Amino acid sequence: MSQMRMIVLVMGWLLGSVATASAERNWEFSVGGFGGWAFHSDTTFQVNRLINIPTGMAEPVNGKGTNLRFEDSGTFGAKLSAWHLPRKYGWQPQIGFEIDWTRFTADVPDGQILPAFGTFLTSGTPLGFIGPITRTEFAVDNMTFNLLFRYPIWATPDMPQGRWYPYVGLGGGAQRARLSIPGYEETSYSPSFQALGGIKFFVIKYLAFFGEAKWTQGWHTFKYETDSYWERYSIATIHLVGGVALHF
């Protein structure tokens, strides 16, 4: 079963359960959208073949470049959440589950020279740096399933989620990165991990605004349609976003 088909089935099950669960008030559901800014951490870059400048020859290499810089970008996405409601309302923590989709870009600026460590395997020459790096563009989609915890403030039987609440979450899923350079494109899929925290305020019972900070990370390998050359990138990002959600 493909990842997308599985996501569609899970979302269909959640939406199909809304009427019964909402009527019994065992569960609260919400759907929301958000947008903001993605700040990328300096991360690592690995390659298995480079030109050894002293010899002028391309050699296999065992090494890693550090401090690779990505350009910060806009970020946007959507959420589908389900919260379990307690039998007695109060300020007790509540648990929830969430599907989170986020899209952003992570482009590598042209001309970077990276500090590196490792060795050229043929000549034994130490690897002191990697670069200059050619500009590379990445379009990234991050899909995760999160476990959430919230702490309702001013909860009532009519609003068991509270008038506002802080929340935290942790999850995992998959990340898709589309590499683009002039004349070539390639797609990589990677496991993805996510941690998040935020605050949500209710304007009315069914409408809320939220602010959120979250961290996502994935690891991607690109082979450029060859069996002898590959590049690996770690994409680690902090997202600061704001959004709106409908609760039912």
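Averaged across orientations, what area in nm² does the convex hull of the alpha carbons in the range 23-166 project?
Directional mean of the projected Cα hull area for the range 23-166 stands at 11.7 nm².
Using θ = phi - 60° and the Karplus curve 6.51 cos²θ - 1.76 cosθ + 1.60, what whole-Hz ³J(HN,Hα) does each residue of the range 233-244 get, with Gly and Pro shown as x?
The phi angles translate into 10, 9, 10, 10, 9, 9, 10, 10, 9, x, x, 10 Hz.
Cα atoms only: what Rg and Dmax, in Å, come out for the range 116-248?
Both quantities, over Cα of the range 116-248: 21.6, 73 Å.
What is the dipole size for the chain, taken about its Cα centre, with +1 at each Lys and Arg Cβ and -1 at each Asp and Glu Cβ, in debye to the nearest 20?
The calculation lands at about 880 debye.
Hand me the chymotrypsin sites (Phe, Trp or Tyr not before Pro) from the range 78-135 located in a DSSP loop with no more than 13 other Cβ atoms within 10 Å, in residue order please.
Hits after loop and neighbour filter: Trp91.
Using +1 at the Cβ of each Lys and Arg and -1 at the Cβ of each Asp and Glu in the chain, identify which of Gln92, Ser190, Gly172 lies farthest towards the dipole's positive end.
It is Gln92.
Taking every pair of alpha-carbon atoms in the range 151-198, give the share separated by more than 15 Å as a whole percent.
Pairs farther apart than 15 Å: 65 percent.
When the accessible area of the chain is split by element with a 1.4 Å probe, what percent falls to carbon and sulfur?
65
Please give the FRET efficiency for Thr134 paired with Met57, using the beta carbon to beta carbon distance and R0 = 22 Å, rounded to the nearest 0.05.
It comes out at approximately 0.65.
Return the label of the correct value of Rg and Dmax of the Cα atoms in Å, as calculated from the structure shown, out of (1) 22.5, 76; (2) 30.8, 95; (3) 18.2, 51.
Answer by label: (1).
Enumerate the amide H contacts of Ala155 below 5 Å, restricted to partners 5 or more residues apart or on another chain; note that Pro and chain-start residues carry no placed amide H.
Arg163
Of Ile51, Thr75, Phe34, which is farthest on the positive side of the dipole of the chain, counting Cα position, with +1 on Lys and Arg Cβ, -1 on Asp and Glu Cβ, and the Cα centre as origin?
The Cα lying farthest towards the positive end belongs to Phe34.
Taking Lys223 as the anchor, which lysines have their alpha carbon closer than 19 Å to its alpha carbon, excluding any fewer than eight residues away along the same chain?
Lys64
Any chance you could run the full-extension gain for Phe117 through Ser180? It's 0.36 nm times the residue separation minus the Cα-Cα distance, nm to one decimal.
Taking Phe117 through Ser180 to full extension adds about 20.0 nm, to one decimal.
Just from its helices, what would the mean residue ellipticity at 222 nm be for the chain, if runs of 4 or more DSSP H residues each count -39500 (n - 2.57) and the sum is divided by every residue, rounded to the nearest 500 deg cm²/dmol?
Here the helix-only value at 222 nm equals -2500 deg cm²/dmol.
Which distance in nm do the two modelled labels at Leu207 and Asn48 give, with both placed 7 Å along the Cα-to-Cβ direction?
Those two pseudo-labels are separated by 5.6 nm.
Determine the dipole magnitude for the range 96-241: charges of +1 sit on the beta-carbon of Lys and Arg, -1 on that of Asp and Glu, nothing else is charged, the reference point is the Cα centre, and the result goes in debye to the nearest 20.
580
Which Rg and Dmax, in Å, describe the Cα atoms of the range 202-247?
Final numbers for Rg and Dmax: 19.2, 59 Å.
For the pair Asp158 and Asn67, what calculated FRET efficiency results from E = 1/(1 + (r/R0)^6), where r is the Cβ-Cβ distance and R0 = 45 Å, to the nearest 0.05?
0.25
The values are calculated or read from the model by the stated rules, or taken from the named source; none is laboratory data. Predicted model only: the values in this text are computed from it and were never measured. All Cβ positions, glycine included, derive from the backbone under ideal geometry; neighbour counts span all protein chains shown. Calculation scope for accessible area: heavy atoms of the full protein, side chains included, ligands and nucleic acids excluded. Shrake-Rupley method; radii C 1.70, N 1.55, O 1.52, S 1.80 Å.
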